[in-house]
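Working notes, beginning with the structure itself.
The values are calculated or read from the model by the stated rules, or taken from the named source; none is laboratory data. Keep in mind it's a predicted model, so treat the numbers as computed, not measured. Please note: Cβ atoms are built from the backbone with ideal geometry, for glycine as well, and neighbour counts cover all protein chains shown. Ligands, DNA and RNA are stripped out before the accessible areas are found, and what is left, the full protein with its side chains, is counted by its heavy atoms. Shrake-Rupley method; radii C 1.70, N 1.55, O 1.52, S 1.80 Å.
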Amino acid sequence: MQSNVRPETMERITTTELAEAFIEEQVKELKEQIGDKKVLLALSGGVDSSVVAALLIKAVGQQLVCVHVNHGLLRKGEPEQVVEVFRNQMNANLVYVDAVDRFLDKLAGVAEPEKKRKIIGAEFIRVFEEEARKLDGIEFLAQGTIYPDILESDGVKAHHNVGGLPEDLKFELVEPLKLLFKDEVRVVGKALGLPDNMVYRQPFPGPGLGVRCLGAITRDRLEAVRESDAILRDEFAKNGLEGKVWQYFTAVPDFRSVGVKDGKRTFAYPVIIRAVNTKDAMTATVEDVPFSLLQHITARITAEVPNVNRVLFDLTPKPSATIEWE
Ligand code: XMP
């Protein structure tokens, strides 16, 4: 078993050649560790779990069972992309769980941010546990733990939350990325053939759009967050800001204001745009987004997203604000 300390002599994986050597070595080790047994993986579609999935598919193929829980708080197109890339292109053994109603029912009426986070985390474990119990012969649990997770916590990925599985479901852990830094994980992901928009994806919180649909989550505002975020990402990509800005997203508060559309009075939600740069997420500065682009994005959001009549841009660095709104 690999130690949790990165040897000082370990070379940084910066090139395809180095990534290929890492992949070859890991595939060999994973084959030895897993043998003919089955491995379970919670596949969110984020960089880390996606790279773990691709590595394990290469090493043990159909012995890997990926479980993708769609909790309804993912960005537009994400669940579909997980199915397309892993089931259709990589021929993975993928269990897709539509848990949207279940999560939204549990979250109904809950406005307190930490309570929302707890409900999302706990429900995720419950859904994952139910799926794990349906499967026979699983002996290993794969996790996308990376080196910063080990340095910063006790090694269990807080937002993956699978550390909370009950005693009788404690599988042996498989953590092939645990000595890698994020930039190395991306190089490995690229060498494994994962699409760029999966490998170079901006950070996305575990509770997903749940912390961007402010206050008690409702379906109409959740839709407004998802659709406005998709427009923002589309426009940032078209205008060369994707990959340049560290994190950008929209949030929708739980109040409405008066507006006017087609000569009629509206009473609808505002969308808040946030675009920040940071090294470590402890402090952050606001990206100087061209005003004309903000005007264009505003026009698109107010024209295309139902129940929205205003767009605001958050000018606040961290501190005094945090990056997310809750
Ligand atoms: P804040 O809002 O604290 O965010 O300035 C710093 C970074 O952490 C992300 N974030 C989260 N990630 N679960 C996560 O996995 C969470 O509950 C969570 N809250 C914030 C945030 O997106 C930013 O990158």
If I ask for residues that are part of a loop (DSSP other than H, G, I, E, B) and either open to solvent by less than 50 Å² (accessible area, probe 1.4 Å) or in contact with a strand residue (DSSP E or B) (Cβ under 6 Å, 6 or more places away or on another chain) (or both), which ones from the stretch 215-239 would you list?
GLY215, ALA216, ILE217
Can you name the number of the only condition in (1) in contact (Cβ under 8 Å) with a residue 60 or more places away in the chain; (2) within 16 Å of the ligand (Cβ to nearest atom) that GLN202 fails?
(1)
Single residue of PHE267, PHE255 found to be touching a strand residue (DSSP E or B) at 6+ places or on another chain (Cβ under 8 Å), in a loop (DSSP other than H, G, I, E, B) and either at positive phi or surrounded by fewer than 16 Cβ atoms within 10 Å (Cβ to Cβ) (or both):
PHE255
VAL311 being part of a strand (DSSP E or B), among the aliphatic types (A, V, I, L, M) and surrounded by 13 or more Cβ atoms within 10 Å (Cβ to Cβ):
yes
Check whether at least one residue in the stretch 182-196 is surrounded by fewer than 22 Cβ atoms within 10 Å (Cβ to Cβ), assigned by TED's automatic domain parsing to the domain that holds ALA303 and outside any helix (DSSP H, G or I), and report yes or no.
no
Any hit, the stretch 207-214, residues being crowded, with 16+ Cβ neighbours inside 10 Å and more than 14 Å from the chain's Cα centre (by Cα):
yes
Total residues in the stretch 253-281, condition within 16 Å of the ligand (Cβ to nearest atom) and hydroxyl-bearing (Ser, Thr, Tyr)
1
